[in-house]
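Below is one structure, written out as structure tokens, with a few remarks after it.
The values are calculated or read from the model by the stated rules, or taken from the named source; none is laboratory data. Source: prediction; values computed, not measured. In this analysis, Cβ positions are derived from the backbone assuming ideal geometry, glycine residues included, and neighbour counts consider all displayed protein chains.
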Amino acid sequence: MTRSHITVTSSEPDKRHPAPAPGRPQGLDAQHYARLGLYRVLSLAYLYPKDLDWEEYLEILPSVLEENTRILAIDVSDEINILARYIRNMDTEQILVEHTALFINNPLKDPVSPYESVYLEGMVMGTSTLQLQELYEQYGLSVSEKHSYLLADHIALELDFMAILIEKSIEKHDTSMTEQRDFFRKHLGRWAQRFFQDVKKNTNIPYFLSLATTAERFLQYEERLLCRQD
């Protein structure tokens, strides 16, 4: 299994950027590489900024979003332009404070929670959490020590796991998307769009608004793609 930024198979950190691969094929392969790039870069967006190479991430973020949404014909150009302008004069301390307020304080009492089990079961560390922990283990994956404070059903981990499934399909030249469809329908597709909508309702900071809108529209694209594979 290829290593990702969050769930890993060894102690060696993954050094790849979430940027699209150069010289990649056109057509169906381009679609899947674009999906991979979006899942990976969006998964990083919901980690605590100090846990990232923050300056490097901000440098590539708008271009990765722009290229991959363009390939998939997802219309978020206004959101990406707003994000790019905001990043140029970003107050990092404001981002840290808002990230904490939105995603870290109290997942049961706060209006936004990054955990699937809160949305589907009204509790932290629910059945969803345990199912996902077992699923990651089945794929030989574990959460890296740097992010070990995250439970298995955190939005960043679920987005990253979908990236792993897409990468696995690309490597095997598997066009069925069966594993991706199953994971989307059983987990990510059941709650993540509501999460992104709640983020938009509870912040006025362009960084979070633009990313949540982009992620929501991307998952709408994914729902159309994966739910037609019957």
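Hey, any hits in segment 54-72 for a residue that's farther than 17 Å from residue 196 by Cβ, of a type outside the set (D, E, K, R), at pLDDT below 95 and within 15 Å of the chain's Cα centre (by Cα)?
No - not one qualifying residue is present in segment 54-72.
Any idea which of (1) surrounded by fewer than 16 Cβ atoms within 10 Å (Cβ to Cβ); (2) of a type in the set (A, V, I, L, M); (3) not in a helix (DSSP H, G or I) is the one residue 130 doesn't satisfy?
Unmet condition: (3).
Given the criteria small (Gly, Ala, Ser), surrounded by fewer than 17 Cβ atoms within 10 Å (Cβ to Cβ) and free of Cβ contacts under 8 Å to residues at least 12 places away in the same chain, does residue 142 qualify?
In short, no.
Mind checking whether some residue in segment 43-56 is touching a Pro at 6+ places or on another chain (Cβ under 7 Å), without any contact (Cβ under 8 Å) to a residue 60 or more places away in the chain and surrounded by 15 or more Cβ atoms within 10 Å (Cβ to Cβ)?
No, there is no match, as no residue in segment 43-56 is touching a Pro at 6+ places or on another chain (Cβ under 7 Å), without any contact (Cβ under 8 Å) to a residue 60 or more places away in the chain and surrounded by 15 or more Cβ atoms within 10 Å (Cβ to Cβ).
Which residues, counting only those in segment 176-201, are under 25 Å from residue 135 (Cβ atoms), polar (S, T, N, Q) and in a helix (DSSP H, G or I)?
178, 180, 193
Can you tell which of 217, 181, 228, 190 is surrounded by fewer than 16 Cβ atoms within 10 Å (Cβ to Cβ) and either touching a residue at least 24 places away in the same chain (Cβ under 8 Å) or in contact with a Phe, Trp or Tyr (Cβ under 9 Å, 6 or more places away or on another chain) (or both)?
190
Quick check on this structure: which one of 157, 211 is in contact with a strand residue (DSSP E or B) (Cβ under 7 Å, 6 or more places away or on another chain), touching a residue at least 24 places away in the same chain (Cβ under 8 Å) and either under 17 Å from residue 99 (Cβ atoms) or not in a helix (DSSP H, G or I) (or both)?
On inspection, the qualifying residue turns out to be 157.
If a residue must be in a helix (DSSP H, G or I) and either under 12 Å from residue 215 (Cα atoms) or of a type in the set (Phe, Trp, Tyr) (or both), how many such residues does segment 45-59 contain?
Going through segment 45-59 one residue at a time, the tally reaches 3.
Residue by residue, here is whether (1) crowded, with 19+ Cβ neighbours inside 10 Å; (2) without any contact (Cβ under 8 Å) to a residue 24 or more places away in the chain; (3) polar (S, T, N, Q); (4) not in a helix (DSSP H, G or I) holds:
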| position | (1), (2), (3), (4) |
| --- | --- |
| 61 | yes, no, no, no |
| 65 | yes, no, no, no |
| 69 | yes, no, yes, no |
| 75 | no, no, no, yes |
| 80 | yes, no, no, no |
| 84 | no, yes, no, no |
| 87 | no, no, no, no |
| 97 | no, yes, no, no |
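So residue 204 clears everything in (1) part of a helix (DSSP H, G or I); (2) within 20 Å of residue 78 (Cα to Cα); (3) over 18 Å from the mean Cα position of the chain (by Cα) except one condition, right? Which one?
Result: residue 204 passes all but (1).
Scan segment 101-111 residue by residue and report those that are among the hydrophobic types (A, V, I, L, M, F, W, C), under 20 Å from residue 212 (Cβ atoms) and surrounded by fewer than 22 Cβ atoms within 10 Å (Cβ to Cβ).
The answer is 101, 102, 104.
Of everything in segment 99-127, what is hydroxyl-bearing (Ser, Thr, Tyr) and in a loop (DSSP other than H, G, I, E, B)? Give them in sequence order.
Hit for segment 99-127 is 113, nothing else.
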